[in-house]
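The values are calculated or read from the model by the stated rules, or taken from the named source; none is laboratory data. Note that this is a predicted model, so its numbers are computed, not measured. Using ideal geometry, Cβ is built from the backbone for each residue, glycine included, and neighbour counts are taken over all protein chains shown.
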Amino acid sequence: MNIRLFTIPNMLTLGNLIAGALAIIFTLRYHAYETAFWLIIVAAVFDFFDGFVARLLKQQSPLGVQLDSLADDVTFGLAPAVVMFDLYGSTTSLYGLNAEVMHYVGYVTLLIAAFSVLRLAKFNIDDSQTTEFCGLPTPANALMLLSLAMLCQSGELVIYQEQIAIIAVASSLLLISPIRMFALKFKGFGFKENRLRYLFLLLSVAIIICVPTYSVLLIIVLYIVVSTLRWLFARETVTQK
C-alpha cells in the first residue's frame with residue numbers, strides 16, 4: 001500500500017496538532033490562557049482548511065481521517081482539559097473545603113480529554129453527522145472553556161473550584177450527549193432552509209457588538225441552548241405524531 005504522509009492536507013492537520021501542543025505548553029509553563037486561546041483559534045483554522053484542501057486537491061485518504069482525529073484530540077480535547085486543570089489549581093474552594101481533598105477533585109477536569117476521544121471516535125463511524133452534529137463539537141467545547149479561563153484570569157469573571165468541576169463534567173457530557181446540534185454548513189443560501197442559521201449568525205453579530213469581551217463564551221452557550229431547544233422540539237413533534 002502506497003501511503004503518502006506529507007500531503008498538503010496532512011501538513012495542515014499537523015499544524016493543528018502543533019498549535020494545540022503549544023497551547024498546552026503555554027498553559028503549563030506560563031499560565032498564558034489568552035495565548036492558548038489564540039493558538040486554539042489558529043488550530044481551528046488549520047482544522048477547517050485541511051478538509052477543505054483535501055477535497056479541493058482530491059487528496060482525501062483514510063490516513064488523513066485518522067490523523068485529523070488524533071490532532072483534534074490533542075488540540076480540542078487535551079488542551080482545554082489542561083487549561084481547566086491549571087485554572088482549577090489557581091482558584092480556591094467556594095465553601096472552604098479541605099485543600100488536599102479538593103486537589104484530587106481537580107482531576108475531574110481530565111474527563112474533558114477522555115470524553116473528547118469518545119466524541120471524535122463516534123463522529124468517525126456515525127454517518128448521521130454529515131449535516132448536523134450529535135453532541136457538542138470538540139472545537140466549540142474547547143473555545144468555550146478557554147474563553148471562560150481567559151475571562152477568569154483577566155478578572156472579568158470570578159470562579160471557584162466547585163464550579164470548575166461542575167463545568168468540566170457538564171461540558172464532557174455535552175460532548176457525548178444525544179442532542180442534535182445544527183451545523184453552519186450552507187448547501188444553498190435560501191432563507192427557508194437556513195433560517196435557524198441566519199438567525200443564529202444575526203444574534204452572534206449582535207453579541208459581538210454589544211458585549212465583545214464575553215462574545216465567544218456567550219455565542220457558544222447560545223449555540224448549545226438553541227440546539228437543545230431545537231432538538232427537544234423535534235422530539236416532541238415526533239412523539240405527538
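Can you name every residue in the stretch 199-230 that is surrounded by 13 or more Cβ atoms within 10 Å (Cβ to Cβ) and without any contact (Cβ under 8 Å) to a residue 24 or more places away in the chain? Within the stretch 199-230, Leu201, Leu203, Ser204, Ile207, Ile208, Ser215, Leu218, Ile219, Leu222 qualify.
On inspection, Met11 passes the criterion of being over 20 Å from the mean Cα position of the chain (by Cα) and either among the aliphatic types (A, V, I, L, M) or modelled with pLDDT of 95 or more (or both). Give me the residue from the stretch 73-104 that is surrounded by 12 or more Cβ atoms within 10 Å (Cβ to Cβ) and of a type in the set (D, E, K, R) and, out of that set, farthest from Ile18 (Cα to Cα). Restricting to residues being surrounded by 12 or more Cβ atoms within 10 Å (Cβ to Cβ) and of a type in the set (D, E, K, R), the top hit is Asp86. Enumerate the pairs (first residue in the stretch 42-59 and surrounded by fewer than 12 Cβ atoms within 10 Å (Cβ to Cβ); second residue anywhere and modelled with pLDDT of 90 or more and of a type outside the set (Lys, Arg)) with beta-carbon separation below 6 Å, excluding pairs fewer than 6 apart on the same chain, so at least 6 apart or on different chains. So the pair list comes out empty. Of the helices (runs of 4 or more DSSP H) lying entirely inside the stretch 46-125, the ones with 1 or more residues being closer than 21 Å to Leu14 by Cβ are found at 62-73, 79-89, 111-125.
For Leu136, are the conditions met, namely being in a loop (DSSP other than H, G, I, E, B) and either outside the structural domain of Thr213 (by TED's automatic domain parsing) or in contact (Cβ under 8 Å) with a residue 40 or more places away in the chain (or both)?
On the way: in a loop (DSSP other than H, G, I, E, B): yes; either outside the structural domain of Thr213 (by TED's automatic domain parsing) or in contact (Cβ under 8 Å) with a residue 40 or more places away in the chain (or both): yes.
When the stated conditions are applied, Leu136 passes them.
If you check Leu14 against the conditions, is it without any contact (Cβ under 8 Å) to a residue 60 or more places away in the chain and over 16 Å from Leu143 (Cα atoms)? Yes: the conditions hold for Leu14. Pairs are defined by a Cβ separation below 8 Å, a sequence spacing of at least 6 or placement on different chains, a first member in the stretch 103-118 that is closer than 13 Å to Ile167 by Cα and not assigned by TED's automatic domain parsing to the domain that holds Val169, and a second member that is crowded, with 18+ Cβ neighbours inside 10 Å and at pLDDT 95 or above; no pair meets this definition.
If I filter the stretch 63-72 for residues that are more than 18 Å from Leu120 (Cα to Cα) and among the hydrophobic types (A, V, I, L, M, F, W, C), do I get at least one hit? No, the stretch 63-72 has no match at all. Restricting attention to the stretch 120-160, the residues being out of contact with any Lys or Arg (no Cβ under 7 Å at 6 or more places or on another chain), over 20 Å from Ala21 (Cα atoms) and not hydrophobic (A, V, I, L, M, F, W, C) number 12. Just need a number here: residues in the stretch 1-14 that are assigned to a helix (DSSP H, G or I) and under 15 Å from Gln66 (Cα atoms). The qualifying residues number 6.
For the stretch 193-207, the criterion of a residue being within 21 Å of Ala43 (Cβ to Cβ), at pLDDT 95 or above and in contact with a helix residue (DSSP H, G or I) (Cβ under 8 Å, 6 or more places away or on another chain) is satisfied by at least one position.
Every residue in the stretch 22-38 that is part of a helix (DSSP H, G or I) and in contact (Cβ under 8 Å) with a residue 40 or more places away in the chain, please. Scanning the stretch 22-38 gives Ala23, Ile24, Thr27, Leu28, Tyr33, Glu34, Ala36, Phe37.
Quick check, is Gly96 modelled with pLDDT under 95 and of a type outside the set (A, V, I, L, M, F, W, C)? Against the criterion (modelled with pLDDT under 95 and of a type outside the set (A, V, I, L, M, F, W, C)), Gly96 qualifies.
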